[in-house]
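Q: Let me begin by handing over the structure; questions about it come next.
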Ligand code: FES
């Protein structure tokens, strides 16, 4: 799902019960990763179908060349919190 907080626009994923948070905007172009396609721990961009590893942000498939920023996330009281420091 897509979440906006301050200047951040984030994509939040639940992979096997573990939450991962990354920047929503694809590093390749105008794609939105929260609107992408998910299979296991891979998200495929909805624009040019580049792929990222949800856990690490690493590029899995081009045309993306730059890794996605993934923020360390914890869940407290049912709320997903991230460290943007
Ligand atoms: S905008 Fe995401 S792969 Fe091009």
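Q: Suppose we filter region 23-42 for residues that are over 15 Å from residue 57 (Cβ atoms) and near the ligand (Cβ under 7 Å from one of its atoms); how many remain?
A: The qualifying residues number 2.
Q: Kindly provide the set of residues from region 45-82 that are near the ligand (Cβ under 10 Å from one of its atoms), out of contact with any helix residue (DSSP H, G or I) (no Cβ under 9 Å at 6 or more places or on another chain) and assigned to a strand (DSSP E or B), ordered by number.
A: Matches in region 45-82: 51, 59, 61.
Bear in mind that the values in this text are calculations on the coordinates, not laboratory data. Every value quoted in this text rests on a predicted model; they were computed, and no experiment measured them. Here the Cβ is made from the backbone with ideal geometry for all residues, glycine too, and neighbour counts use every protein chain on show.
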